[in-house]
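The values are calculated or read from the model by the stated rules, or taken from the named source; none is laboratory data. Since this is a predicted model, take the numbers as computed values, not measurements. Cβ placement follows ideal geometry from the backbone for every residue including glycine, while neighbour counts extend to all protein chains displayed.
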Amino acid sequence: MRLRLIAICAIAVFTTSAFAKDVFLSIGGSVGVFHTDTRIFNPSSTKDIQIQAYLLPVGNVDNSGVQPITITVPKRQMVMYNDVVQSLFNSSTPLAAIRLKSDDDFVSTQRIYAQQAANACEGAGTLGQFVPGLDVSTASKGGVLIQLKSSGAFRTNIGVVNPNATAANVTWRLYDKNNNLVATGATGTLGVMPPFSVITPTRITDFFSAGTADLSDAWVGFTSDQPIFAYASVVDNVTTDPTFIPMSADSGAPAITPQGKVYNVTLQSYSISVSPSIGPSDLKTGDKVTFHITVKDTMHGFQLNDPNGAALVPGVIFNPGDVVDKTFTITSEGSYNFFCVNTSCGNAAQHAQMVGQFVVGTPSDGGYPHY
Ligand SMILES: [Cu+2]
């Protein structure tokens, strides 16, 4: 009897956790003529379910403190929240992601649409796009957004959700019509996402410093130290017809788990700091090292040369806000020199002052070649 009871309990626990869901609807709200309708379906034929609903405002801010509203969805029913921000959350927040969490299975979807007034030819109507509810287990550390368009004919917005209770450090890459990498790292602080933060739909030409790149066809890739959700919305500039493009997992994305010993490197006008500092006995030949580089106030560059003058980290120019990992292997004992390579801007002389050095080994140690 006791065994049977244990077995039943075990099945009950398993059943509950197997169907638990944590779903994110990446964007919605009410701004001007734009509105968002949400639907939630309870597939159970035996029980009503409860769902915790969180409204996560845009702005790339820490939303850990957001308190949920509990809603009940009767068995085999679809509940409707037209203009969800008001009808469910009674909020004046214009734009937000929604998180729905339950111990039970459910389905949730959303439609974002613009209301169009009647004119001489047509009555009033709506024009909109579908937003899928995505389970947190499908968030990804490497993803791509393809079929993007930014030109006179189309515009593209990119939005992002960090579904984690920890910050996500994301490296974004933009590729143009010819598959050339035209930007690494998003502008400003978009590469660092606080817990449960949401980046508002941002024009691709603002998300990246793309210069004059031809983005009439374009794609975006990302790598992140935490799994995230990203999407794009491509809008026809003439008809305003919108297309929602969810991210796809990028099975070939380079791993960005920092390898070996990790040092935080900060590029800020006009110095380069390394933390913790590297002493002569901290590294040895063959060590793998990752420089976790954060770029602060303006465009800076970085290059690291080994004791023979060979570029271990070849020169690269960053945008302010970029957070990029560079991994290299210590080749020999001696002096390693690093410096800013942004010497084409107005303050070239000051960028040229951004130099630093660390030393591997000491002249008297037993290592070869007895540096
Ligand atoms: Cu610089």
**Q.** Lone unmet requirement of (1) away from the ligand (no atom under 14 Å from the Cβ); (2) over 27 Å from Trp172 (Cα atoms); (3) surrounded by fewer than 19 Cβ atoms within 10 Å (Cβ to Cβ) for Ala349
**A.** (1)
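So for the stretch 251-259 (the condition being more than 20 Å from the chain's Cα centre (by Cα) and either in a loop (DSSP other than H, G, I, E, B) or surrounded by fewer than 18 Cβ atoms within 10 Å (Cβ to Cβ) (or both)), does at least one residue qualify?
Initially, the stretch 251-259 is screened for residues more than 20 Å from the chain's Cα centre (by Cα), giving 259.
Subsequent filtering for residues that are either in a loop (DSSP other than H, G, I, E, B) or surrounded by fewer than 18 Cβ atoms within 10 Å (Cβ to Cβ) (or both) retains 259.
Yes, the stretch 251-259 contains a residue that is more than 20 Å from the chain's Cα centre (by Cα) and either in a loop (DSSP other than H, G, I, E, B) or surrounded by fewer than 18 Cβ atoms within 10 Å (Cβ to Cβ) (or both).
Take Val220 and decide whether it is under 29 Å from Thr298 (Cβ atoms) and in contact with a Phe, Trp or Tyr (Cβ under 9 Å, 6 or more places away or on another chain).
Details: under 29 Å from Thr298 (Cβ atoms): yes; in contact with a Phe, Trp or Tyr (Cβ under 9 Å, 6 or more places away or on another chain): yes.
Against the criterion (under 29 Å from Thr298 (Cβ atoms) and in contact with a Phe, Trp or Tyr (Cβ under 9 Å, 6 or more places away or on another chain)), Val220 qualifies.
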(Q) Looking at the stretch 22-66 only, could you name the residues that are part of a strand (DSSP E or B), modelled with pLDDT of 95 or more and over 13 Å from Gln110 (Cα atoms)? (A) Asp22, Ile49, Gln50, Ile51, Gln52, Ala53, Tyr54, Leu55, Leu56, Pro57
Q | Options Ser271, Ser281, Ser248; residue that is in contact (Cβ under 8 Å) with a residue 60 or more places away in the chain, within 16 Å of the ligand (Cβ to nearest atom) and of a type outside the set (Val, Ile, Thr) | A | Ser271
Q: Would you be able to say whether some residue in the stretch 167-186 is surrounded by 18 or more Cβ atoms within 10 Å (Cβ to Cβ), on the phi > 0 side of the Ramachandran plot and not assigned by TED's automatic domain parsing to the domain that holds Phe106?
A: yes
Q) Which ones in the stretch 91-111 are more than 9 Å from Val23 (Cβ to Cβ) and buried (at least 22 other Cβ atoms within 10 Å of the Cβ)? A) Ala96, Ala97, Gln110
Q) Has the stretch 169-176 got at least one residue that is more than 14 Å from the chain's Cα centre (by Cα) and either modelled with pLDDT of 95 or more or farther than 21 Å from Gly28 by Cα (or both)? A) yes
Q) What is the one condition in (1) among the polar types (S, T, N, Q); (2) surrounded by fewer than 16 Cβ atoms within 10 Å (Cβ to Cβ); (3) within 16 Å of the ligand (Cβ to nearest atom); (4) assigned by TED's automatic domain parsing to the domain that holds Thr187 that Ser209 does not satisfy? A) (2)
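Let's see how each residue does on (1) more than 13 Å from the ligand (Cβ to nearest atom); (2) surrounded by fewer than 18 Cβ atoms within 10 Å (Cβ to Cβ); (3) free of Cβ contacts under 8 Å to residues at least 24 places away in the same chain; (4) under 30 Å from Thr205 (Cα atoms):
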| residue | (1), (2), (3), (4) |
| --- | --- |
| Thr285 | yes, yes, no, no |
| Val289 | yes, no, no, no |
| His292 | yes, no, no, yes |
| Val295 | no, no, no, yes |
| Gly301 | no, no, no, yes |
| Leu304 | yes, no, no, no |
| Ala310 | yes, yes, yes, no |
| Asn337 | yes, yes, no, no |
| Thr362 | yes, yes, no, no |
Q: Examine the stretch 116-124 for a residue that is touching a strand residue (DSSP E or B) at 6+ places or on another chain (Cβ under 7 Å) and at pLDDT below 95, and state whether such a residue exists.
A: yes
